[in-house]
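The values are calculated or read from the model by the stated rules, or taken from the named source; none is laboratory data. Source: prediction; values computed, not measured. Because the Cβ atoms are built from the backbone with ideal geometry, glycine has one as well, and the counts that use them run over all protein chains shown. Accessible surface is based on the protein model in full, side chains and every heavy atom, while ligands, DNA and RNA are left aside. Shrake-Rupley method; radii C 1.70, N 1.55, O 1.52, S 1.80 Å.
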Amino acid sequence: MSATAESVQISRDPQFQALLERWQARIERELAARLPLATARPTRLHEALRYSALGSGKRVRPVLVYATANALGIPEASVDGVACAVELIHAYSLVHDDLPAMDDDDLRRGRPTCHKAYDEATAILVGDALQVLAFETLASGSGLPSDAAVRLELVRLLAIASGTGGMAGGQALDLAAVGRRLSLAEVEEMHERKTGALIHASVMMAAACAERRSEAAVQALDEFARAIGLAFQIQDDLLDIEGDATLLGKATGADRAHDKATYPSSVGVETARRHMHELHARALAALALLGSRAAPLASVSDWLVLRKH
Ligand code: GRG
């Protein structure tokens with residue numbers, strides 16, 4: 001019988017809710033400081049950038065950055081730039097994903113999508129600008145290790161996760177799958193690239209900032225990040241079927257309406273849920289190697305699979 005989340009012996013952080021809120025407030029502050037002021041020209045573009053990146057969102061990827069740093073004893077101030085870079089890439093992907101040429105969505109995070117609040121051309125530019133700001137942040141921003149080799153490695157990891165082998169490639173597979181029934185292996189490949197790659201990068205980029213880390217710890221984090229990235233996306237697929245649109249801040253049933261290939265459409269809701277719980281247990285088992293210092297990361301894992309939005 002495979003392990004369950006309950007059977008994995010790993011402690012959780014009893015103060016996790018407070019920690020989560022502190023990290024969410026921290027990333028909001030850090031992003032606000034790095035984004036161009038809405039009063040600077042071109043003001044409409046800058047306003048739209050801030051509209052798209054600030055104010056809401058669970059901040060899953062920055063939280064993973066801070067929790068990984070915590071597990072490895074890295075000060076938060078040394079990974080603020082990483083947390084901003086991954087969230088900027090995520091924000092860009094949402095803006096472009098919502099465009100009429102892609103998912104054509106009207107609502108995101110409970111308010112009009114960028115192209116609805118502004119216009120399509122502005123939304124394209126917002127995505128472009130957020131993406132390059134992520135790389136500028138890693139190349140020249142504060143809140144990162146000063147070592148140029150580490151920064152280069154961070155740029156490399158983020159570029160790989162965002163490109164055709166990662167998010168952009170996964171999005172292409174997703175668009176090409178509309179109306180087709182994919183095999184489980186094909187759905188997993190699509191999910192691992194589209195969503196999993198950036199989640200994985202969030203963990204591995206934080207790990208790259210550690211002055212000292214064991215190969216075993218890096219391997220454990222790699223395994224953890226792969227498992228939790230896929231579990232997160234399966235929960236996203238399930239929430240699109242069973243979730244509450246008010247809590248989600250967007251319409252449910254979009255995957256089915258767009259005839260999207262998803263985990264539940266490939267193997268059914270119950271098998272998808274079972275697999276998500278197995279991946280959760282696998283992620284926790286990988287963390288067990290890091291001992292009690294991984295307690296916040298274990299709490300993040302629970303949050304990602306038990307979330308309602
Ligand atoms: C446009 C290159 C390009 C890629 C788009 C990430 C993505 C690829 C599309 C987003 C569409 C989507 C619903 C993907 C499923 C998983 C996912 C990334 C959900 C949204 O992420 P959350 O839940 O969102 O972290 P918040 O709003 O909390 O930040």
Note to self: Given the -39500 (n - 2.57) contribution per DSSP H run of 4+ residues, what per-residue ellipticity at 222 nm results for the chain, rounded to the nearest 500 deg cm²/dmol?
What the structure shows: -21000 deg cm²/dmol
Next item on the list: Name the most mobile residue of PRO42, PRO75, PRO264, meaning the one with the largest mean-square fluctuation, in a Gaussian network model of the chain with Cα contacts below 10 Å.
Entry: PRO42
Item checked: Check: region 97-183 dipole with +1 on Lys, Arg Cβ and -1 on Asp, Glu Cβ, in debye -> 260
Note to self: Could you identify which residue out of ALA254, ALA185, ALA272 has the top mean-square fluctuation in a GNM of the chain using Cα springs shorter than 10 Å?
What the structure shows: ALA185
Notebook entry, point to check: How far apart, in nm, are the 7 Å Cα→Cβ label points at ALA148 and LEU289?
Noted result: 3.4
Check: Which trypsin sites (Lys or Arg not before Pro) does region 40-104 hold that lie in a coil by DSSP with at most 14 other beta carbons within 10 Å?
Finding: LYS58
Margin query: Please list, short to long, the whole-number percent of alpha-carbon pairs of region 15-147 in consecutive 10 angstrom bins beginning at zero.
Written below: 13, 43, 31, 12, 1
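Rounded, prolate or oblate: which fits region 115-228, taking a ≥ b ≥ c as square roots of the Cα gyration tensor eigenvalues, rounded meaning a/c under 1.5, else prolate when a/b beats b/c?
oblate
I need to check one value: relative contact order of region 1-98, counting alpha carbon pairs closer than 8 Å and at least 6 residues apart, in percent.
The value is 25 percent.
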Item checked: Rounded accessible area of TYR118 (nearest 10 Å², 1.4 Å probe) -> 40
Item checked: Net dipole in debye of the chain [+1 Lys, Arg Cβ; -1 Asp, Glu Cβ; about Cα centre; nearest 20] -> 560
Notebook entry, point to check: Solvent-accessible area per residue for region 15-93 at a 1.4 Å probe radius, Å²?
Noted result: 37
Checklist line | Residues of region 106-126 with amide N under 15 Å of the 7 Å Cα→Cβ point at GLU21 | finding: none
Notebook entry, point to check: Given N residues in the chain, what is Rg(Cα) / (2.2 N^0.38 Å)?
Noted result: 0.95
Notebook entry, point to check: If you take the charge dipole of region 160-309 about its Cα centre, with +1 on Lys and Arg Cβ and -1 on Asp and Glu Cβ, which of ALA220, HIS277, PRO264 is farthest toward its positive end?
Noted result: ALA220
Check: Where the eigenvalues come from the Cα gyration tensor of region 66-123, what are the semi-axes √(5λ) of the equivalent ellipsoid, largest first, in whole Å?
Finding: 32, 10, 9
Margin query: Let me cross-check LYS308: its accessible surface, 1.4 Å probe, with only protein heavy atoms counted, in Å² to the nearest 10?
Written below: 130
Next item on the list: Sort ARG213, ARG273, ARG256, ARG226 by accessible area with a 1.4 Å probe, largest first.
Entry: ARG256, ARG226, ARG213, ARG273
Margin query: Could you report region 127-265's accessible area per residue, 1.4 Å probe, as an integer in Å²?
Written below: 45
Next item on the list: Report, to the nearest whole %, how much of the accessible area of region 212-275 belongs to carbon and sulfur atoms, 1.4 Å probe, protein only.
Entry: 47
Next item on the list: Normalising by the residue count of region 143-209, find the relative contact order in percent from Cα pairs under 8 Å and 6+ residues apart.
Entry: 45
